[in-house]
Amino acid sequence: MRFTNGKEFPLVRFRIAVAANAPPGQVTLRITSETETSAYSGGFTIIEARKLPQFTSDVVVNGANFLPRGIAPGEIISIFGMDLGPADGVSEGLNPVTGRLVTLAGDVSVTANGIPLPLFFVRHDQINALAPIEIAGLRNALVVVSHKQLAGAAQVVPVISTNPGVFVFPETTQAIVLNQNGTVNGPGSAAARGSYISLFGTGQGAIDPALATGELARGGANLSFFDEPVVVRVGGIEAQVTFAGMAPAFTGLFQINVILPQGIGPGAVIVEGEIGGPKSQGGVTVEVL
């Protein structure tokens, strides 16, 4: 029994079912009996139903070729799953204070061994992020995705020294390449043998001088070069590499300049890069005159 102002009332327990379409926010609870009505303003708050982010280690992949071979320090990665972030894609860009890529976008954050990952893009089914350089030398990293402060299960992802992937145009094998004259390589703008082309990718691993995680690469006299040796073959012939380093004004994006061998044939020719042993994905092409 409960006593209020000298009156004796029975203690009643009841359960409240919240409608699925009830809007979030503080609500007024109104209880009506046969004899009276009581209202309790702000009695409880309805919150949006949320699910934990879900993904597995085999969908943490290279952002250029989407292959699940592990992650390298400073690599652009993609994570695929469910309930990873907002329904519509969000890209926050650079932190205006630090000048680096943001580590919180659309109420989403990602960590590897507790280190926040810079974020390029977040959506409910995909996250594009930058692997931190701090994971160098580790065998594995524990990757955790959080959305609206709800953290999903940690996934163990292998760490490798390099993991080269070459960016291609969507739904094609055509590498994203600049010709020597600055035009974009393709069937209508092929590159001449003996000229140089610029390939773009990610997964280069350690660089010198090093850049902080999320920092934009510098240009001019402050270029950052690969620590590991680079080999590029075009049409099965080793090409002369004239530059292998980070693309200035970008983060996680590498640039390799090579001179096209004279011995290759015209048309769509296979190009493959190798950084410190691991190779880029097969089947990537460049157009040659």
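The values are calculated or read from the model by the stated rules, or taken from the named source; none is laboratory data. Since the structure is predicted, the reported quantities are computational estimates derived from the model, not experimental observations. Counting neighbours? That spans all protein chains shown, and the Cβs are built from the backbone with ideal geometry, glycine included.
Within region 199-223, track down each residue that is in a strand (DSSP E or B) and surrounded by fewer than 21 Cβ atoms within 10 Å (Cβ to Cβ).
From region 199-223, those in a strand (DSSP E or B) are 199-202, 207-208; that's our starting set.
Of everything in region 199-223, those that are in a strand (DSSP E or B) and surrounded by fewer than 21 Cβ atoms within 10 Å (Cβ to Cβ) turn out to be 200, 208.
Looking at region 108-124, can you tell me whether even one residue there is of a type in the set (D, E, K, R), more than 16 Å from residue 212 (Cα to Cα) and assigned to a loop (DSSP other than H, G, I, E, B)? Break it down stepwise before answering.
Kept after step one, since they are of a type in the set (D, E, K, R), are these residues of region 108-124: 123.
Among the residues that remain, those that are also more than 16 Å from residue 212 (Cα to Cα) are: 123.
Next, only the ones that are assigned to a loop (DSSP other than H, G, I, E, B) stay: none.
There is no residue in region 108-124 that is of a type in the set (D, E, K, R), more than 16 Å from residue 212 (Cα to Cα) and assigned to a loop (DSSP other than H, G, I, E, B).
What is the residue count in region 91-114 for residues that are under 16 Å from residue 142 (Cα atoms) and within 14 Å of the chain's Cα centre (by Cα)? Before the answer, list the steps.
Our first condition is that a residue be under 16 Å from residue 142 (Cα atoms); within region 91-114, this holds for 109-114.
Applying the additional criterion that residues be within 14 Å of the chain's Cα centre (by Cα) yields 109-112.
Selection size over region 91-114: 4.
Looking only at residues that are closer than 30 Å to residue 137 by Cβ and touching a Leu at 6+ places or on another chain (Cβ under 9 Å) in region 161-192, which one is surrounded by the fewest Cβ atoms within 10 Å (Cβ to Cβ)? Don't jump to the end; show me each part of the working.
Let us first name the residues in region 161-192 that are closer than 30 Å to residue 137 by Cβ, namely 161-167.
Those still in the list that are touching a Leu at 6+ places or on another chain (Cβ under 9 Å) too: 163, 165-167.
Working: 163: 29, 165: 28, 166: 25, 167: 19.
Per the criteria, the residue is 167.
Whether any residue in region 91-109 is assigned by TED's automatic domain parsing to the domain that holds residue 62, farther than 23 Å from residue 249 by Cβ, exposed (fewer than 14 other Cβ atoms within 10 Å of the Cβ) and among the hydrophobic types (A, V, I, L, M, F, W, C) is what I want to check. Even if it seems obvious, please write down each step before you answer.
Going through region 91-109, the residues assigned by TED's automatic domain parsing to the domain that holds residue 62 turn out to be 91-109.
With farther than 23 Å from residue 249 by Cβ added as a condition, the list becomes 106-109.
Filter once more, so that each one left must be exposed (fewer than 14 other Cβ atoms within 10 Å of the Cβ): none.
Checking region 91-109: not a single residue is assigned by TED's automatic domain parsing to the domain that holds residue 62, farther than 23 Å from residue 249 by Cβ, exposed (fewer than 14 other Cβ atoms within 10 Å of the Cβ) and among the hydrophobic types (A, V, I, L, M, F, W, C).
Identify all residues within region 224-247 that are closer than 28 Å to residue 289 by Cβ and part of a loop (DSSP other than H, G, I, E, B); write none if there are none.
Answer for region 224-247, where residues must be closer than 28 Å to residue 289 by Cβ and part of a loop (DSSP other than H, G, I, E, B): 235, 236, 239, 247.
Would you pick out the residues in region 217-235 that are farther than 17 Å from residue 201 by Cα and touching a strand residue (DSSP E or B) at 6+ places or on another chain (Cβ under 7 Å)?
235
Could you give every pair whose Cβ atoms fall below 6 Å, whose first residue belongs to region 124-137 and is at pLDDT 95 or above, and whose second residue is of a type in the set (Ser, Thr, Tyr) and part of a loop (DSSP other than H, G, I, E, B), counting only separations of at least 6 or pairs across chains?
132/213; 133/213
Regarding residue 153, is this residue at pLDDT 95 or above and not in a loop (DSSP other than H, G, I, E, B)? Even if it seems obvious, please write down each step before you answer.
Values: at pLDDT 95 or above: yes; not in a loop (DSSP other than H, G, I, E, B): no.
No: the conditions fail for residue 153.
Of the conditions (1) more than 21 Å from residue 167 (Cβ to Cβ); (2) over 13 Å from the mean Cα position of the chain (by Cα), residue 145 clears all except one; give me its number.
The single condition residue 145 does not satisfy is (2).
Can you confirm whether residue 226 is buried (at least 18 other Cβ atoms within 10 Å of the Cβ) and among the aromatic types (Phe, Trp, Tyr)?
The answer is yes for residue 226.
Pairs please, first residue from region 211-225 and of a type in the set (D, E, K, R), second anywhere and surrounded by fewer than 19 Cβ atoms within 10 Å (Cβ to Cβ), Cβ atoms under 7 Å, 6+ apart in sequence or on different chains.
Final answer for the pair search is 215/100; 218/248.
Here is a list of conditions, (1) exposed (fewer than 10 other Cβ atoms within 10 Å of the Cβ); (2) modelled with pLDDT of 65 or more; (3) out of contact with any Lys or Arg (no Cβ under 9 Å at 6 or more places or on another chain); (4) not polar (S, T, N, Q), and residue 87 meets all of them except one; can you say which number that is?
Failed condition: (3).
Step by step: first the residues of region 273-284, then only those that are touching a residue at least 40 places away in the same chain (Cβ under 8 Å) and surrounded by fewer than 21 Cβ atoms within 10 Å (Cβ to Cβ), then the one that is nearest to the chain's Cα centre (by Cα). Which residue is that?
Initial filter on region 273-284 (touching a residue at least 40 places away in the same chain (Cβ under 8 Å)): 273-281, 283-284.
Of the ones still in play, those that are also surrounded by fewer than 21 Cβ atoms within 10 Å (Cβ to Cβ) are 274, 276-279, 281, 283.
Working: 274: 22, 276: 23, 277: 24, 278: 21, 279: 21, 281: 19, 283: 23 Å.
Only one residue tops the list, namely 281.
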